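Following: one structure in structure tokens, then a few remarks.
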Amino acid sequence: METYYLDNTTDEASLRLAARENGTSRRNVSDLQFILSDMTQNMKLEDSITLAHHLQHSLVDGMSTRLAEVKDLGVKKALFYVLVGARMPSVLVEMFFITNKTEGGAMNQESYQNTVVDALYDGILKYKESNLASKTL
């Protein structure tokens, strides 16, 4: 499991993944990086980072109770088109490979789907609570 927020990166693996997921070339991701650099500085970057960490932690904890092995690949930054233009905190969560026999089979079961939903809900709730706490300081 890994969670991404929109930001510039020099991490080659994140850039390749963004290029593949965006359906574009690695060069176009670099061009996008330049175009978005100013825009991302003024958006909801800090909130997105906080949300990403809460979701990642909740998903890893929640799914660890259901699956024998959950790989925590952490929170990373990348330039995914699906996150561009959001006027709210936004993240992209990569949870499972449906082509993986164990993971695909698990996600076919309603109980595992419910565990994912509960973990996502828990992460969002913790994010909301942390935002409320910081606004009252």
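The values are calculated or read from the model by the stated rules, or taken from the named source; none is laboratory data. Note that the structure is a prediction, hence the values are computed from the model and not measured. Here the Cβ is made from the backbone with ideal geometry for all residues, glycine too, and neighbour counts use every protein chain on show. What goes into the accessible areas is simple: the full protein's heavy atoms, side chains included, and nothing from ligands, DNA or RNA. Shrake-Rupley method; radii C 1.70, N 1.55, O 1.52, S 1.80 Å.
Points to keep in mind about this one:
- In this calculation the C-beta distance from residue 71 to residue 132 is compared with R0 = 30 Å, giving a FRET efficiency of 0.40.
- Simple label model, 7 Å out from Cα along Cβ direction - residue 117 to residue 95, nm: 1.0 nm
- Listed pairs 76/126; 44/126; 77/101; 76/128; 44/71 exceeding 24 Å between Cα atoms: 77/101; 44/71
- Nearest-10 value in Å² for the accessible area of residue 72, using the 1.4 Å probe: 90 Å²
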